[in-house]
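S.K.: Encoded as structure tokens, here's the structure I'll be asking about.
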Amino acid sequence: MKSTTRATLAAVLTGVAASVGAAATPAAAAPVVPVPVPLGGAERALGMELPRVAGELPVPVPGSPNGPRYVTGRLMPERTLPQLPVNAGLLGADVQAPLPQALGQEFEYLVVDAPASDLRTLTPGLSVDTPLTAPNPDHLGLPDPKLPQAAVLTPLLQTAPGLNLGLGD
């Protein structure tokens, strides 16, 4: 292959990689994806004002697992099946509903805003140990029997949801 052909191919591949990377960056940078609910056609068909509804979908981001931890005196690591952290969020909603003039002229809309809140989770894990100890030099290097051990590492769920409710014009 000629050097000019290689240079042209390298330039094309570099351009394609740059455009793919630029297209993927905004989606990966956003923790939530806005989801508008189009009700304009229904408003025109019914001849009345309908609520404005929009939502937010969180983008889950898996983390690196907490790997096995080796402990002296055990034949197997402490976390046999490691826990996997996943960071995401709860669904968000933004609703603005029209109110009849029952509360006076200054209150025209009921506004409910529930922003997408952060959610931190850890999947369940497993920790087991064999029914044998490490080799014992007092018994010619043979392991001693012991009771097997098994433990389930509990999952974790942490979040702080919020909600704003108000009247406005």
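The values are calculated or read from the model by the stated rules, or taken from the named source; none is laboratory data. Predicted, not measured: the structure shown is a model, and the values here were computed from it. Glycine gets a Cβ as well: all are built from the backbone with ideal geometry, and neighbour counts include every protein chain shown.
S.K.: Just name the residue that is modelled with the lowest pLDDT out of those in region 32-51 that are exposed (fewer than 10 other Cβ atoms within 10 Å of the Cβ) and part of a loop (DSSP other than H, G, I, E, B).
M.R.: Only one residue fits best here, namely MET48.
S.K.: Residues ALA134, ALA54, ALA151: which one is in a strand (DSSP E or B) and within 30 Å of GLY41 (Cα to Cα)?
M.R.: On the way: ALA134 fails: within 30 Å of GLY41 (Cα to Cα); ALA151 fails: within 30 Å of GLY41 (Cα to Cα).
On inspection, the qualifying residue turns out to be ALA54.
S.K.: Could you check PRO58 against (1) more than 17 Å from SER117 (Cα to Cα); (2) at pLDDT 75 or above and say which number it fails?
M.R.: Every listed condition holds for PRO58 apart from (1).
S.K.: Turning to a different aspect of this structure: Being assigned by TED's automatic domain parsing to the domain that holds LEU163, surrounded by 16 or more Cβ atoms within 10 Å (Cβ to Cβ), among the hydroxyl-bearing types (Ser, Thr, Tyr) and farther than 30 Å from GLY166 by Cβ narrows it down to one residue among THR121, THR72, THR80; which is it?
M.R.: Numbers: THR72 fails: surrounded by 16 or more Cβ atoms within 10 Å (Cβ to Cβ); THR80 fails: surrounded by 16 or more Cβ atoms within 10 Å (Cβ to Cβ).
None of the others qualify; the one that does is THR121.
S.K.: Further question on the same structure: Can you give me the number of residues within region 154-169 that are surrounded by 12 or more Cβ atoms within 10 Å (Cβ to Cβ) and part of a strand (DSSP E or B)?
M.R.: 3
S.K.: Return yes when ASP138 is out of contact with any Pro (no Cβ under 7 Å at 6 or more places or on another chain), under 28 Å from THR72 (Cβ atoms) and exposed (fewer than 11 other Cβ atoms within 10 Å of the Cβ) and no when it is not. First the steps, then the outcome.
M.R.: Numbers: out of contact with any Pro (no Cβ under 7 Å at 6 or more places or on another chain): yes; under 28 Å from THR72 (Cβ atoms): yes; exposed (fewer than 11 other Cβ atoms within 10 Å of the Cβ): yes.
Criteria met by ASP138.
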